[in-house]
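Report on one structure; see the data block that follows.
Just so you know, all these numbers are worked out from the coordinates, no wet-lab data involved. On a predicted model such as this, the values are computed, not experimentally measured, just so you know. Cβ placement follows ideal geometry from the backbone for every residue including glycine, while neighbour counts extend to all protein chains displayed.
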Amino acid sequence: GSGVRGKAGWGEGGALITVTANSFGARWFEEDWTAQFDQPEWKEALTFFSTLLNDNGPEGYATNGFNENLSLFQQGKCGM
């Protein structure tokens, strides 16, 4: 399965959701600093990310960060 980080915190999971959102064309803010979290691109990105975690993530993914996923990978329990 996928060793995607679900743990709270910018370095654990926050940066990854930003990269995912960018892939779907989502932005945090417009040029005038208007928040964009209610846009369809964010919904698509968050749906993709949560589906990936629910369908392919290891048990307990919501509390897994870098170290937990590294351990799972080293044990052969996740492939990416």
Low-density loop chymotrypsin sites (Phe, Trp or Tyr not before Pro), the chain, at most 15 other Cβ within 10 Å, DSSP non-H/G/I/E/B, are W28, W33, F37
Mean residue ellipticity at 222 nm from the helices of the chain, using -39,500 (n - 2.57) per DSSP H segment of n ≥ 4 over the full residue count, to the nearest 500 deg cm²/dmol?
-13500 deg cm²/dmol
Starting from 0 in steps of 5 Å, tell me what percent of the Cα-Cα pairs of the chain lands in each bin.
3, 16, 23, 22, 17, 9, 6, 3, 1, 0
Across the chain, where is the longest run that never hits GluC sites (Glu not before Pro) in a DSSP loop with at most 16 other C-beta atoms within 10 Å?
1-29
